[in-house]
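The values are calculated or read from the model by the stated rules, or taken from the named source; none is laboratory data. Predicted model, so just to flag it, every value in this text is computed and none were measured. In this analysis, Cβ positions are derived from the backbone assuming ideal geometry, glycine residues included, and neighbour counts consider all displayed protein chains.
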């Protein structure tokens, strides 16, 4: 169970997240849509303190953090309860595909090398990249890098997986394979919060879609309702634009 | 103009070569110590530990801003007069200390710049999986910074090898000291110093070969 209350983030005088409340049930797959610059990525980044929110309470499973007074331990606990898939993949450039996945398991979770390696190979198998285990990121295509990035996030076994526009930086030819992998993650009822511009994908896998504008959640609901009969005028305009 | 005394020069080579291990020893120990110290200083400069920052800035400023020879004299001749435990210090130790502190100051700046050169996404990825700051530095950021800083650091190492010759001013008989002694016996200064110059040169050239291998090794992950 994820519970967010009053989450607020400002950059200088601009309020990027304005008092956000959000509950996500276990196994729920939530997609965030909205015009650019409305705080979608910031919402994800605040949930694991890549950006530090000014106020609000974040509860993920047994971890509960008051943003205003979060210390180093709170932040680490929150980050360990989440995993993050980046738009630009952000694989560790000095680690092979396999080592990228092992890193969190060994360094953060304290598992043995052998155990971590077995788990990494298992995950690489699921991402269809077992033959690339010993390749460095520089030698992988964008699509392959992002699949390793998702594998790295899967292996952690976090309560909540965060996807920040995972296909936006990809050449069109690689988008399909990454969405396929995300579909498979979704099928396991992994709790996911996804920012994406892939509307048909959102319609297909989301249990609920959030529409954000101006740092607020303007409207939310199951894809069928929200996409076919949008109530808010801003959402109507947005949907017309993205087709 | 007189002819060079080649026989004398050839005879001198094995004598001076006998001191190469001491020179390399001083340079190697100082390099390892300087690298460790410089990494710590550089990380501090990047993360800015409150209350420590000014001290690090002062350290770097002093050891970059004063001549190595002056620093060596300060350690070897000066400090023991003030701090009594240091009276035991020998020339080799003082030279290693001086080289370490002097070059750590330079290398800290090179490493700091390299750390800043590591892509921001690498930091964020490390943070996102819940690494502590120390883990992130040790396992992700510094190894990548090492690749960026390597050519500069090798340059400092070369400079350090040549810098060991200053130990002779602390009464250490290393390559330079030995040459000086030989020359003052034979009065063949040109021959003697030419021989030692060529030996330094060869050592540095051999190391430059190693530099290429080191850069290939560090760049291995980035080859397409």
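Residue by residue, here is whether (1) under 24 Å from residue A:46 (Cα atoms); (2) outside any helix (DSSP H, G or I); (3) in contact with a helix residue (DSSP H, G or I) (Cβ under 8 Å, 6 or more places away or on another chain); (4) modelled with pLDDT of 95 or more holds:
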{"residue": "A:118", "(1), (2), (3), (4)": "no, no, no, yes"}
{"residue": "A:146", "(1), (2), (3), (4)": "yes, no, yes, yes"}
{"residue": "A:151", "(1), (2), (3), (4)": "yes, no, yes, yes"}
{"residue": "A:161", "(1), (2), (3), (4)": "yes, yes, yes, yes"}
{"residue": "A:175", "(1), (2), (3), (4)": "no, no, yes, no"}
{"residue": "A:189", "(1), (2), (3), (4)": "yes, yes, no, no"}
{"residue": "A:203", "(1), (2), (3), (4)": "no, no, yes, no"}
{"residue": "A:210", "(1), (2), (3), (4)": "yes, yes, no, yes"}
{"residue": "A:225", "(1), (2), (3), (4)": "no, no, no, no"}
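Does residue B:95 satisfy the condition of being more than 14 Å from chain A (Cβ to nearest Cβ), in a helix (DSSP H, G or I) and more than 14 Å from the chain's Cα centre (by Cα)? Considered against the rule, which asks whether it is more than 14 Å from chain A (Cβ to nearest Cβ), in a helix (DSSP H, G or I) and more than 14 Å from the chain's Cα centre (by Cα), residue B:95 comes out as no.
Okay, residues lined up against (1) surrounded by 14 or more Cβ atoms within 10 Å (Cβ to Cβ); (2) over 19 Å from residue B:147 (Cα atoms); (3) at pLDDT below 90:
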residue	(1), (2), (3)
B:32	no, no, no
B:37	yes, no, no
B:41	yes, no, no
B:49	no, yes, yes
B:56	yes, yes, no
B:62	no, yes, no
B:72	yes, yes, no
B:77	no, yes, yes
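Among the residues of the range A:89-118, just one is within 14 Å of another protein chain (Cβ to nearest Cβ), surrounded by fewer than 19 Cβ atoms within 10 Å (Cβ to Cβ) and farther than 15 Å from residue B:135 by Cβ, namely A:113. Tell me, yes or no, whether the range B:91-108 has at least one residue that is over 24 Å from residue B:61 (Cα atoms) and surrounded by 17 or more Cβ atoms within 10 Å (Cβ to Cβ). The answer is yes, given that some residue of the range B:91-108 is over 24 Å from residue B:61 (Cα atoms) and surrounded by 17 or more Cβ atoms within 10 Å (Cβ to Cβ). Note on the range A:192-201: residues that are surrounded by 21 or more Cβ atoms within 10 Å (Cβ to Cβ) and part of a loop (DSSP other than H, G, I, E, B) amount to 2.
Of all residues in the range A:18-39, those that are closer than 20 Å to residue B:128 by Cα and at pLDDT below 95 total 1. Of everything in the range B:110-143, what is crowded, with 22+ Cβ neighbours inside 10 Å and either in contact with a strand residue (DSSP E or B) (Cβ under 8 Å, 6 or more places away or on another chain) or at the interface with chain A (Cβ under 7 Å from one of its Cβ atoms) (or both)? Give them in sequence order. Matches in the range B:110-143: B:125, B:128, B:129, B:130, B:131, B:140. Of the residues making up the range A:171-189, not a single one is on the phi > 0 side of the Ramachandran plot and crowded, with 16+ Cβ neighbours inside 10 Å. Selection within the range A:54-85: residues that are crowded, with 22+ Cβ neighbours inside 10 Å, under 17 Å from the mean Cα position of the chain (by Cα) and in contact (Cβ under 8 Å) with a residue 40 or more places away in the chain. The member of this set that is nearest to residue A:219 (Cα to Cα) is A:58.
Which residues, taken from the range A:86-105, are in contact (Cβ under 8 Å) with a residue 60 or more places away in the chain and either part of a helix (DSSP H, G or I) or under 13 Å from residue A:139 (Cα atoms) (or both)? Lay out the reasoning, then the answer.
Within the range A:86-105, the subset in contact (Cβ under 8 Å) with a residue 60 or more places away in the chain is A:86-89, A:91.
Within the range A:86-105, A:91 is the sole residue that qualifies.
Checking each residue in the range B:199-224 for being more than 14 Å from every other protein chain (Cβ to nearest Cβ) and surrounded by 13 or more Cβ atoms within 10 Å (Cβ to Cβ) picks out B:199, B:200, B:203, B:204, B:207, B:211, B:214, B:215.
Against the condition away from every other protein chain (no Cβ under 14 Å) and part of a helix (DSSP H, G or I), how does residue B:105 come out, does it pass?
Numbers: away from every other protein chain (no Cβ under 14 Å): yes; part of a helix (DSSP H, G or I): yes.
Considered against the rule, which asks whether it is away from every other protein chain (no Cβ under 14 Å) and part of a helix (DSSP H, G or I), residue B:105 comes out as yes.
Name every residue in the range A:173-200 that is under 22 Å from residue A:239 (Cβ atoms) and free of Cβ contacts under 8 Å to residues at least 24 places away in the same chain, in order of residue number. Result: A:179, A:200.
Every listed requirement among (1) at pLDDT 95 or above; (2) within 12 Å of residue A:2 (Cβ to Cβ); (3) within 14 Å of another protein chain (Cβ to nearest Cβ) is met by residue A:48 save one, (1).
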